[in-house]
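One structure is given here, and the rest of the page talks about it.
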Amino acid sequence: MAVGLLGGVFDPPHNGHVALARAAIEQLRLEAVHVLVVADPGHKRTTTPAEARLELARLAFEDMPNVDVEIDRHARTVDFLEERKLEDAVFIVGADELADFSKWKRPERVLELVRLAVASRPGVDTQRITDARDRLAAPDRVLSFDMPAIPVSSSQIRERVARNESIEGLVPERAADAIARLGLYRNAE
């Protein structure tokens, strides 16, 4: 059985992230999922320190069996994969990330080290996914699975907290409690 890797900034983690991991475990029959909280991503800024995002992610995924959460000190996925050298792993991404996969650092090497598990959801242009897959050096290294549409984003949550609006139903309850307890995102963009 394969192991799944779900990397991201998780600033903050939300119900879409949890649904993505759950769908991958169920449909791909993964043995476990390692959630990788990228400490200092090379492609986007963060608003919250890595240790706080790690705590939020641990709380968000705590009720899922066979899921562990850890800090990833690598700015790029390929560097993490080169160091870990996992046997049978799939890197879990959303369909929108597959469209941008060619912009990743050394995407060909990523596909040598892991297979990509791409989640498609209602409303995503399937032709765009097919085109992105066909442009890859190893399209046979891409698996597909479905996930429900969860209309939420981390930026939306940060904006709602900054406006003092509820995030109930968008973020796992314990993570939402920690956001309030730690005073996170009150002055978000």
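All of the numbers you see were taken from the coordinates with simple rules; none came from a lab. Model, not experiment: these values are computed from the prediction. Cβ placement follows ideal geometry from the backbone for every residue including glycine, while neighbour counts extend to all protein chains displayed.
Some observations on this one:
- Expressed as a whole percent, the proportion of Cα-Cα pairs in the chain lying more than 26 Å apart is 29%.
- The calculated pair-distance distribution of the stretch 1-70 uses every alpha carbon pair, bins of 5 angstrom beginning at 0, and gives 3, 18, 30, 23, 14, 8, 3, 0 percent.
- Across the chain, the longest piece that holds none of the trypsin sites (Lys or Arg not before Pro) lying in DSSP loops with up to 14 other C-beta atoms within 10 Å covers 106-134.
- Evaluating kT/(6 pi eta Rh) at 4 °C and 1.567 mPa s, with the Kirkwood radius of the stretch 46-156 over Cα pairs in the Stokes-Einstein relation, gives 83 µm² s⁻¹.
- Evaluated with a Cβ-only charge set (Lys, Arg +1; Asp, Glu -1), the chain carries a dipole of roughly 420 debye about its Cα centre, given to the nearest 20.
- Axial C-alpha extent at least 15 Å, average Kyte-Doolittle at least -0.5 - helices from the chain (DSSP): 15-28, 50-61
- Each of A119, A57, S166 was placed along the dipole of the chain (beta-carbon charges, centred on the mean Cα), and the one lying farthest toward the positive end is S166.
- Residue-averaged 222 nm ellipticity for the chain, from DSSP H runs of 4+ at -39500 (n - 2.57), nearest 500: -11000 deg cm²/dmol
- Max mean-square fluctuation residue, GNM over the chain, Cα-Cα springs under 10 Å, options L136, L98, L54: L136
- Partner lysines whose Cα lies under 24 Å from the Cα of K85, excluding those fewer than 8 positions away in the same chain, are identified as K103, K105.
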